[in-house]
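Read the structure below first, then the notes.
The values are calculated or read from the model by the stated rules, or taken from the named source; none is laboratory data. Bear in mind the structure is a predicted one, so any value in this text is a computation, not a measurement. Every residue, glycine among them, receives a Cβ derived from its backbone with ideal geometry; neighbour counts consider all protein chains shown.
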Amino acid sequence: MFRAIIFFDLDSTLVINPFGRRVMPKVYEEVSKTLGISVDRVLEIFTKKHMEKVRVGDPRAYDWDYILSEMFIENGVKPRENIFLEELHRVCSSVEVLDNAPRVLERLRDMGFYLVLSTNGFWKYQECVVREAGLLQYFREISSPDKKGCLKSSSCFYTTSINGPIKISVGDNIVFDVYYPKKYGLKAIHVRRSVSIGEEYARILGIDLSKIEPDATVTSLTQVHDAIESIISGSRKHS
């Protein structure tokens, strides 16, 4: 019997993914040259397509190569497959692990928690990041849009192969790691980093950020264990 099922977000929670800093800028520059438009225009079109898919709950919102193919086809250019994926594999080893994440996950696993990797990123992109960061061994399940067929904004994302006494979401995005998990009955721990994430998604999805209340807020993964124990204790008192 596991003590609780813990959904851990990946990007900016457990690691700094090279995708945003190194892959996207390079691909946008290539697309700019191919389509003969500015990099800013590429980013604008790409972001609009991404956000529209997020708004309607389309899991392909995070399939960056799919979105890129749409752009190419609309501009009369034959799409090339896996541009983002190929570029990511070149730089995947530059992933940065946050707050000694492997040790944190190891401790939680050894204490009887069932750990699920919870990411809106497609697994085809995230797999090399998780492996390079040395985190894969700690997770019993992977929840991602290409595996679940839905985004974190859908209840199906939080189904697991086992039932647990309590499910807890841990992540930095106030919308996808706090608002939606709580909407579907999970508890939520907000990992508040220096850069706040979620405002643009809240606007697109019509969510009032002022009404979102995590069950706990931490600034480091080293504080997550105590936050989990506090939530579990509180749940027992009210059960």
The one condition Lys152 fails out of (1) under 21 Å from Val54 (Cβ atoms); (2) over 17 Å from the mean Cα position of the chain (by Cα); (3) buried (at least 17 other Cβ atoms within 10 Å of the Cβ) is (2)
Flagged pairs (Cβ under 9 angstrom, 6 or more apart or on separate chains; first in the stretch 37-49, exposed (fewer than 15 other Cβ atoms within 10 Å of the Cβ); second at pLDDT below 95 and acidic (Asp, Glu)) are Thr47/Glu200
Note on the stretch 130-165: residues touching a helix residue (DSSP H, G or I) at 6+ places or on another chain (Cβ under 8 Å) and part of a strand (DSSP E or B) are Ile142, Ser143
Taking the stretch 141-173 and keeping only residues that are of a type in the set (Lys, Arg) and within 18 Å of Thr13 (Cα to Cα), one is left with Lys152, Lys167
Only one of (1) within 12 Å of the chain's Cα centre (by Cα); (2) assigned to a strand (DSSP E or B) does not apply to Gly121, and that is (2)
Of (1) in contact (Cβ under 8 Å) with a residue 24 or more places away in the chain; (2) within 16 Å of the chain's Cα centre (by Cα), Lys187 satisfies every one except (2)
Scanning the stretch 62-116 residue by residue, those touching a residue at least 40 places away in the same chain (Cβ under 8 Å) and β-branched (Val, Ile, Thr) turn out to be Val77, Ile83, Val91, Val95, Val97, Val104, Val116
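How many residues does the stretch 90-106 contain that are on the phi < 0 side of the Ramachandran plot and surrounded by 14 or more Cβ atoms within 10 Å (Cβ to Cβ)? Spell out the reasoning first.
Narrowing the stretch 90-106 to residues on the phi < 0 side of the Ramachandran plot: 90-98, 101-106.
Next cut, surrounded by 14 or more Cβ atoms within 10 Å (Cβ to Cβ) only: 91-92, 95, 97-98, 101-102, 104-106.
Count: 10.
Do we find that Phe139 is touching a residue at least 60 places away in the same chain (Cβ under 8 Å) and either touching a Phe, Trp or Tyr at 6+ places or on another chain (Cβ under 7 Å) or among the acidic types (Asp, Glu) (or both) in this structure? Full working, then the answer.
On the way: touching a residue at least 60 places away in the same chain (Cβ under 8 Å): yes; either touching a Phe, Trp or Tyr at 6+ places or on another chain (Cβ under 7 Å) or among the acidic types (Asp, Glu) (or both): no.
No; evaluated as a whole, the condition is false for this residue.
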Across (1) crowded, with 22+ Cβ neighbours inside 10 Å; (2) in a helix (DSSP H, G or I), His225 clears everything bar (1)
request  = Determine if the stretch 198-205 includes at least one residue that is over 13 Å from Asp215 (Cα atoms) and among the basic types (Lys, Arg).
outcome  = yes
